[in-house]
Structures are given as structure tokens and as C-alpha cells.
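Here the structure comes first, spelled out in C-alpha cells, and everything after it is commentary.
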Amino acid sequence: MEKSVARVLYGQGTSLNLTSRKIKAVPECVFRIKKLSVLQLNNNSISALPAELRSLRRLAELHLGNNALKELPAVLGHLESLKKLYLFSNQITVVAPEVMGGLHNLVVLNLNHNQIQRLPPEIRSLHGLQHLSLLDNQLEEVPAELGQLTSLTELNLTSNNLSGLPQQLYQCEELTKLYLARNKLTSLPEGIWALRKLQVLDVAGNKLFMFPVRFHLLPLRELHCEGNRFVRCEPMSAVQDAEVLSLKELVARFVLLEDRIRSSLVHRMLPHYPALTALAAAGSCCELCLNPFLTTWLECVHFISPKKDMKMTSVRVVPVRALLCSYKCLNTQGHSYYGQVWRLAGASRAR
């Protein structure tokens, strides 16, 4: 080991490999290599990192996979030049907020095969993060602040205990690969269709009943969704009563419709009423007649063929959630939207 350090130190090297050396602590001589940019310490028995590590001001890549760390060492928050951090296969249970707050230049963070249950909101500080992987942990939730990682291109949350995802996920507009297999997800966030660069989505082995509204607009090349509880395509007869809309809903629909007309008085006056503007922003649009509505709708389902509608191969027909504004629309002929009838053994569809 001493020879390896000496070779780098006196040879003006920038990379040091101390993988599989059976060491329990980072050797002090390492901190003398001021130009060190890559430090590999995988497959050892390191349980802590010394404060002296912060003297490596040029360190850009740190490999600590397969060691004995139980938390993210505080000194990591002082490595401002760090771009790649690998901490897979340790015993980490806690991600300290102060550590996240100091890793502003991090591009890759690998925390696979640990025991992490939560991520702190301070993860929003990782503005330049492109790859985040927490495969095989114990995550029970993901903070809404994840949506502030606008540079994120790949997110791997496979094999955790997630029952839901934050709505803000759709703000990660650069995301191209999203891995969510083997969790407890019953739904995906509405608005996920806004991920216009998403090419790979893996949701296999969850508890999904259907995909969210406009899911088929995603530019996917790969979709893995086996092992879910999708609504089955079993037509059944049904009778729907005419709905009685509240006064608030009737007025909201009128306002939303008028707001589409730029020359209308409502459109011109709406900016002067912030509360009403915010209320209108929460409206939705009927899949059939395209008319707007606020809070009253019919939650329906339609079945799409990824091969036909999304230009993919080897994927079966999948159910996608759809919102209709009224039974009048649902009862019209010539469409493929269906109301839902739930059964104990699963779900079927009714029209």
C-alpha cells in the first residue's frame, strides 16, 4: 500500500487505487497527495472517514463501495469538488442533511444496497446531480424536493418500500431513465406525461391498477410493467344516472370555458383576481369533448397498445386513466373510454 501511495505522490499522479487492501481506515499518507482527484477505497472495512479528508480539495471521484459505513460521514459535505460518490453496499441508515447541503457539484450519487429509509429535503441542494441510485434500500417515501433536481437524467429506486411518489417528480424534465420496480406503488404521479425525454420506465412488480392520464404521450422506448394488478378488459353493462353539478362547478366550467377566448371579458379580468386564477389553474379537461371542468369528473379508463400508440415492441395492452366531464360524454357512442367496476379479486371495466 505504501508503494502505491509513494508512486502517486512522487510521480505527481492524480488517481490512487486502494481497493481490496483489508484496511479499516484511510491511511494518513493519502492526505499528502494534494492533487488527488480519484480515490478508490472499495472492498475494505472502513467504518469512518477522518476530517483530514477535506484537505483533498481537488478530489472529484470517491469510491467507498462495500465498506462498513453506517452513515454519510460529515466530512463529505466539505468536499466541494466532488462530482462522483459511490457508497453502495455499506450499512448506511441515515443521510445527514448537512452532508447533502455541501455537495453542490455532485453529478453521480450511488447509495445502492444500504438500509436508508428516508432522504432529507436538503437533497434539493444537489443542483447538478444527473444520476441518483438507491436500489435495494428501505425507502418508505421520497421528498417533494426531489423535483428540484432539474438536471437529473437517471433515477433508480428499485427494490424499496415506496407506496407513492411526489407529484413534483414531473419537474425533472431531463429524466430519461426511471427505475421503480419491486416497490408498493399503487399509482404514478399525475403529470408524469410531462417528462418529454423519458425513454425507459420500469415499474414491474408493483401494485398499479392503471397508468396516469396522458401516459401514452411519453416518448418511451422501453416499458417494463409485468407483475402489477392492472384493470382487466372485461366489458360489462351498466346504467349511469345524470349528474347534478354544484353551483360552484357550473360557474367554474363557465369561467374556464370563457378564459379560453382571449377577447372575452372573463379572460381579460381574470388576472385581477388571483384567488380565482389559482382555482382555475386546478381545472382539468375532458378527454372526449375537451371542455374544462373543476372538481367533478368521471374517472375512466382506456386501453392502449404501446406497440401502436407509443411505437414500442413486446409490450401488452395497458390501462391508462382518463377523466370525462359528464355521463353525457360517457354515454356517447364511438369512443373507447370505460367506467370502472371494482371486484375483490381484481378490477373489470363497465361502460
Go through (1) out of contact with any Asp or Glu (no Cβ under 9 Å at 6 or more places or on another chain); (2) crowded, with 22+ Cβ neighbours inside 10 Å one by one and return the number of the condition W193 breaks.
(2)
If you check L188 against the conditions, is it touching a strand residue (DSSP E or B) at 6+ places or on another chain (Cβ under 9 Å), within 21 Å of G128 (Cβ to Cβ) and in a loop (DSSP other than H, G, I, E, B)?
no
If we keep only residues of region 240-296 that are under 25 Å from S336 (Cα atoms) and of a type in the set (S, T, Y), then the residue most open to solvent (accessible area, probe 1.4 Å) is T295
On the given criteria, is S237 exposed (fewer than 13 other Cβ atoms within 10 Å of the Cβ), modelled with pLDDT of 90 or more and of a type in the set (S, T, N, Q)?
no
All positions within region 210-225 that are out of contact with any Gly (no Cβ under 9 Å at 6 or more places or on another chain) and either open to solvent by 70 Å² or more (accessible area, probe 1.4 Å) or assigned to a helix (DSSP H, G or I) (or both):
F215, H216, L217, R221, E222
Considering each residue of region 27-47, count those that are more than 20 Å from H104 (Cα to Cα), of a type in the set (A, V, I, L, M, F, W, C) and at pLDDT 95 or above, and give that number.
2
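Would you say R196 is more than 22 Å from D309 (Cα to Cα) and over 12 Å from the mean Cα position of the chain (by Cα)?
Taking the combined requirement at face value, the residue does not satisfy it.
I'd like to verify a number: residues in region 135-164 that are part of a helix (DSSP H, G or I) and among the acidic types (D, E), how many?
Residues in region 135-164 being part of a helix (DSSP H, G or I) and among the acidic types (D, E): 1 in total.
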Condition test on E154, is it in the same structural domain as K207 (by the TED database), acidic (D, E) and under 24 Å from L72 (Cα atoms)?
yes
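The values are calculated or read from the model by the stated rules, or taken from the named source; none is laboratory data. Please read all numbers here as calculations on a predicted model, not as lab measurements. Reconstructed Cβ throughout: ideal geometry from the backbone, glycine too, with neighbour counts over all protein chains shown. Just the protein is used for accessible areas: all its heavy atoms, side chains included, with ligands, DNA and RNA removed. Shrake-Rupley method; radii C 1.70, N 1.55, O 1.52, S 1.80 Å.
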